[in-house]
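To keep things clear, I will list the structure first and then write my remarks on it.
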Amino acid sequence: MTQTTGPDGKTGLHVDLAIFEAPMKEALRRVTVFLGYAFHTSEVAPLKSVRLNGPIILDVGVPDSVPPADRKRYQTEFTQWAIGQGLMEIDQSYHRYVVSALDTLTDLESFLRDKTLRDHRKPNRANTWNVHEQFYAKVGQQSAKHEDESGYLRSLGNARNCLAHDSGTVTRRGMVDGRSTMAVRWPGRDMVKIDQNGRRSVLPLDRSLKTRQEDIGSQLSVEEVVRKRDYAEGDRIKFSQTDLSEIIFFYQILAMKIGGEMHRIVGEKMEEARATAALLDHLE
């Protein structure tokens, strides 16, 4: 947001929503690439050595050759850690995006009331699922849908921390609200096929659909579902390619909804301001 001064000396306001949205768009691209890299490290042979070479070799406990019996374990732990870092980045990016939206709305209200922008803002230290709820409370659109989204964000946060800090192995501290398991939830989408005889089947998610002659007359539809995983202490969290794709898409949908609300609200507020200014000019 930028305060402006017109040729007539009157104070105005410029709100650039493209700049507001740009960091979140870039974050989605980065995390898609990073999680792709992370997942595919599990599809190749484990490294034989991870020695850090340099002009002066510093012996910091990294083996010249990783023992064959340990290679797959290290590879798995690294992949889990990297996926956790990717999920952490997208969650933090969404947090900053929503906080930026809240600050922008507060600044807009302040300017329309006082004709000046705030000099400082208090940091919002709430976690991601709480700032998500704060935004919809501020715009007066709290609903069960938003509570569900907040719950998904919270459960994904638990999974992310487990992956980033414990190599995906579920520990007692990851079990919240007195539960005996760690619940991980996110919205997904299934492609459902109904053949000519009315038989219903869910198509595999990990490969492309190739239609055949006998498929003529069948129906295809996409259904929203909730992915549910419950992990006991000692279990290892593992996300498939499809899981990671759906999680990224979930954050993308959340960001698009916030962006849509911001365009609507800013447009309405600016129109109100113009109408008020025109009325004052007429009265003068």
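The values are calculated or read from the model by the stated rules, or taken from the named source; none is laboratory data. Computed from a prediction, not measured in an experiment: that's the story for all the values here. Quick reminder, even Gly has a Cβ in these numbers, built from the backbone with ideal geometry, and neighbours come from all protein chains shown. Each accessible area value is taken on the protein alone, full model and side chains, heavy atoms only, with ligands, DNA and RNA left out. Shrake-Rupley method; radii C 1.70, N 1.55, O 1.52, S 1.80 Å.
Between ASN161, ASN53, ASN124, the residue with the greatest mean-square fluctuation in the GNM of the chain (Cα pairs under 10 Å linked by springs) is ASN53.
If you place +1 on the Cβ of every Lys and Arg, -1 on the Cβ of every Asp and Glu, and leave all else neutral, what size is the dipole of the chain about its Cα centre, to the nearest 20 Debye? Walk me through the numbers before you get to the answer.
Working: 40 positive and 40 negative charges, 179 e Å.
Magnitude of the dipole: close to 860 debye.
When its C-alpha radius of gyration is set against 2.2 N^0.38 Å (N residues), the range 1-40 gives a value of 2.07.
Scoring 107-119, 194-206 by mean Cβ neighbours within 10 Å over their residues and listing the highest first yields 107-119, 194-206. In this structure the range 1-81 gives 71 Å² per residue of accessible area when probed at 1.4 Å with all protein chains present. Between GLY188 and VAL225, VAL226, ARG227, the built amide H atoms are under 5 Å apart, and every one of these is 5 or more places off in sequence or on another chain.
In order along the range 183-197, phi translates into HN-Hα couplings of 8, 10, 9, 7, x, x, 9, 10, 9, 10, 10, 10, 7, 4, 8 Hz, rounded to whole numbers, per the Karplus curve 6.51 cos²θ - 1.76 cosθ + 1.60 with θ = phi - 60° and x for Gly and Pro. Based on DSSP H segments of at least four residues, each scored -39500 (n - 2.57), the chain has a per-residue ellipticity at 222 nm of -19000 deg cm²/dmol. Shape class of the range 87-158 from the alpha-carbon gyration tensor: oblate, with a/c at 1.5 or above and b/c at least as large as a/b. Using a ≥ b ≥ c from the Cα gyration tensor of the range 28-74 (square roots of the eigenvalues), is it rounded, prolate or oblate, where a/c under 1.5 gives rounded and otherwise the larger of a/b and b/c decides, a/b for prolate? Oblate is the answer for the range 28-74, as a/c is 1.5 or above yet b/c matches or exceeds a/b. Comparing GLY234, GLY188, GLY84 in a Gaussian network model of the chain, where Cα atoms under 10 Å apart are tied by springs, the biggest mean-square fluctuation is seen for GLY234. With only the Cα atoms considered, the chain has a convex hull volume of 263 Å³ per residue. In percent, rounded to a whole number, the relative contact order of the chain is 18, using alpha-carbon pairs under 8 Å and six or more apart. Build a GNM of the chain with springs between Cα atoms under 10 Å apart, and of HIS132, HIS146, HIS40 the one that fluctuates most is HIS40.
Put simply, the convex hull of the Cα atoms in the range 153-284 casts, on average, a shadow of 15.4 nm².
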